[in-house]
Amino acid sequence: MYGLGIVKGLWVTVQHFVDTYTDDIRWLSKRYIDPDKLSYRQSSKGKGLFTVQYPEEKLEVPERFRYLPFLLYEEKPDGTKEDRCTSCGICAKVCPPQCIWIERTEDPVTKRPVPAPKAFFIDTDICMNCGYCAEYCPFDAIKMDHDYEIASYDRTGAHVYDKEKLSKPVSYYAGIRPTDYAAEEQARAEAEAKKAARKAR
C-alpha cells in the first residue's frame, strides 16, 4: 500500500511528541536541569524529546575536547607564579591563521631578551582551535581549554585575550585533562631521571 511508510514514520513522531509531555509530568520538568536526568534521556530508557535544552542542559565534554588555547604557569611554594612559556615564538610561527602575538621581556640593563613573555595575545575570533600551538610547544606551556562559552557583545576588546586572561595554573590543566597530565608528568620524570643518570656517570 502506497504511503504506509509515511504513516508509520508519522506515528513514531506522534509517539515521541506524546512521550515528551508524559515525561515532563513524570519528572515535574526537572529533567531539563538535572544532569542525572540528561544521562537517563540519552540512555535506551529515555523517551520523548531527545534534544539537549542548552543552556539549561549541557553535555559533558570529552577529556581531549579542545577549544581556545591557554598558558600554563607553575605555582611556587612562596606564592609566586612562574610561566612555562619562554616566548620562543614557535606557537606563533605554526599558527595557521596567525592569531598569536608575543612580546618578549627584555633585561632592563643589557636589553637582552629574557625567556619570559612580556605580553601574549590571542585573537579568539581568528583562532580555529586546531591545537597546533599546544602540539608544537616544546615546554608544554600552552594547552587547549574546555571553556567554549565566550560569546559577548564587545567584539573588539573582549575577544582579544591578553596574557592575564590566558594564564591558568597547572592544577587547572590537571583537573580538565588528568590522563594527558599524568602521561606528561611521567615522561618529564623519566627524562629527569635519565638526565641525572648521565650526570652521575
>> Whether any residue in the stretch 105-118 is assigned by TED's automatic domain parsing to the domain that holds ILE176, buried (at least 19 other Cβ atoms within 10 Å of the Cβ), in contact (Cβ under 8 Å) with a residue 12 or more places away in the chain and β-branched (Val, Ile, Thr) is what I want to check.
In response: no
> Is it fair to say LEU71 is surrounded by 14 or more Cβ atoms within 10 Å (Cβ to Cβ), under 30 Å from LYS143 (Cβ atoms) and at pLDDT below 85?
Replying inline: no
>> Tell me the residue from CYS91, CYS85 that is part of a helix (DSSP H, G or I) and out of contact with any Gly (no Cβ under 7 Å at 6 or more places or on another chain), please.
In response: CYS91
> Restricting attention to the stretch 119-141, and to residues there that are more than 14 Å from TYR161 (Cα to Cα) and of a type in the set (A, V, I, L, M), which single residue is surrounded by the fewest Cβ atoms within 10 Å (Cβ to Cβ)?
Replying inline: MET128
> In the stretch 159-198, which residues are β-branched (Val, Ile, Thr) and not in a helix (DSSP H, G or I)?
Replying inline: VAL160
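The values are calculated or read from the model by the stated rules, or taken from the named source; none is laboratory data. As the structure is a computational prediction, the values presented were derived from the model and not from experiment. Here Cβ is always computed from backbone atoms with ideal geometry, including for glycine, and neighbour counts include all displayed protein chains.
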